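Some notes on the structure that comes next.
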Amino acid sequence: MEQLTDLKAILHSKRANIYYLEKCRVMQKDGRVLYLTEAKDENLYWNIPIANTTVILLGTGTSITQAAMRMLASAGVLVGFCGGGGTPLFSGCEIEWLTPQSEYRPTEYVQGWLQFWFDDAQRLAVAKTFQQARIDYIRKVWSKDRDLQAENIFADDSAIVAALDGYATQIEQAGKTGDLLQREALLTKQLYRYAAKATQHNDFSRDHDASDLANGFLNHGNYLAYGLAASTLWVLGIPHGFAVMHGKTRRGALVFDVADLVKDAIVLPWAFVCAKEKMSEQEFRQQILQKFTDHKALDFMFEQVKRQALRENE
């Protein structure tokens, strides 16, 4: 019975739900967390299964009560305020995470992380391992996802094989983090080019401020990946500032490192596919979250970060 009443019984890596809410009020009622939507003739209450939820994003027109925050904290749910559609309204405005402070988190992972982090060579080795894992994940996801294959995106296409094999070789040859970042940017450009061609976006150019659907979906999907990465690091107790690849002067750079494990495999191709289908922002978000679940993206992030944090103990 204790297991049934324990709000943290479900591991974060196994939780099914990420909520994005707008124009509603989140509250506690009768021992449950609900969100209230106000319709013209009636108010509607909807239940949030907090024990099976990783993140709640509060968008435009939302509010939350102190009692609801207390329950969410007891279940270890991350809460964030964000701009419309799940992403910040301004590029300089980060999601502000409200992290539960009511429990002790593990210390072994941050201690293991710090054992190698101050050594440049070891930090580079972990960055290389992350990049190899990223390549393996692209191959795995693109090989088994029949929906992607139906859109002419294949892991065994000669262009993709050459790009991934070439990058794998360059990873080994990289002598410093700057080299790795440079070669990673080239790989991403190759993947953009391939996905754009497969989905008839022949004039595509990556621009974070562009208003076309493909660029907008890439931005949106990347922020969802950042949310998963931030959740992973928070649960494991590793501060976001201890990056292995992105600039050490950026406060949340480790979030970008961890998000990169899954972005190219899932967000990149589906941004182009959904843009071709002219999906709405909500439909794209549902598609990406479903693919994160199908391919166990959160599990994969946890596995990779834990493995590197405990590498000295293997």
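The values are calculated or read from the model by the stated rules, or taken from the named source; none is laboratory data. Only a predicted model underlies this, so the values are computations on that prediction, with no experimental measurement involved. With ideal geometry, Cβ positions are generated from the backbone for all residues, glycine too; neighbour counts draw on all protein chains shown. Each accessible area value is taken on the protein alone, full model and side chains, heavy atoms only, with ligands, DNA and RNA left out. Shrake-Rupley method; radii C 1.70, N 1.55, O 1.52, S 1.80 Å.
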Which three extents, in whole angstrom, do the alpha-carbon atoms of segment 177-239 cover along their principal axes, largest first? 43, 29, 21
For L114 and Q286, what does the FRET efficiency come to when R0 = 41 Å and r is the distance between their Cβ atoms, rounded to the nearest 0.05? 0.60
Accessible area of the chain divided out per residue, in Å², using a probe of 1.4 angstrom: 50
Descending Cα extents along the principal axes, segment 113-183, whole Å: 46, 22, 13
Fully extended, how many nm does the chain gain between A185 and K140 (0.36 nm per residue separation, minus their Cα-Cα distance)? 14.1 nm
If the reach is capped at under 17 angstrom between alpha carbons, list the lysines near K29, excluding any in the same chain fewer than eight residues apart. none
Violating pairs (Cα-Cα greater than 18 angstrom) within the set K128/K296; K263/K296; K176/K306; K14/K128; K128/K197: K128/K296; K176/K306; K14/K128; K128/K197
Rounded if a/c under 1.5, otherwise prolate or oblate - the chain, Cα gyration tensor axes: oblate
Sorted peptide list for 109-120, 53-64, criterion being average Cβ within 10 angstrom, highest first: 53-64, 109-120
Provide the gained length on full extension for the span R32 to A16, in nm with one decimal, where the gain is 0.36 nm per separating residue minus the Cα-Cα distance. 4.0 nm
Just to verify a number: FRET efficiency for A9 and N47, C-beta to C-beta distance, R0 = 25 Å, to 0.05? 0.90
Largest first and to the nearest Å, give the Cα extent of segment 215-314 along each principal axis. 47, 29, 18
Per-residue ³J(HN,Hα) for segment 200-209, Karplus 6.51 cos²θ - 1.76 cosθ + 1.60, θ = phi - 60°, Hz, x for Gly and Pro: 6, 9, 5, 9, 5, 9, 6, 8, 4, 9
Packing-ranked peptide list from 38-44, 125-131, highest mean Cβ count within 10 angstrom first, is 125-131, 38-44
If each DSSP helix of 4+ residues adds -39,500 (n - 2.57) and the sum is divided by the residues in the chain, what number results at 222 nm, nearest 500 deg cm²/dmol? -16500 deg cm²/dmol
Of the accessible area of the chain, computed with a 1.4 Å probe and all protein chains kept, carbon and sulfur make up a percent value of 49
If amide H atoms are built 1.01 Å from N in the plane of the peptide, which residues on other chains or at least 5 residues away come under 5 Å of the amide H of K29? L34
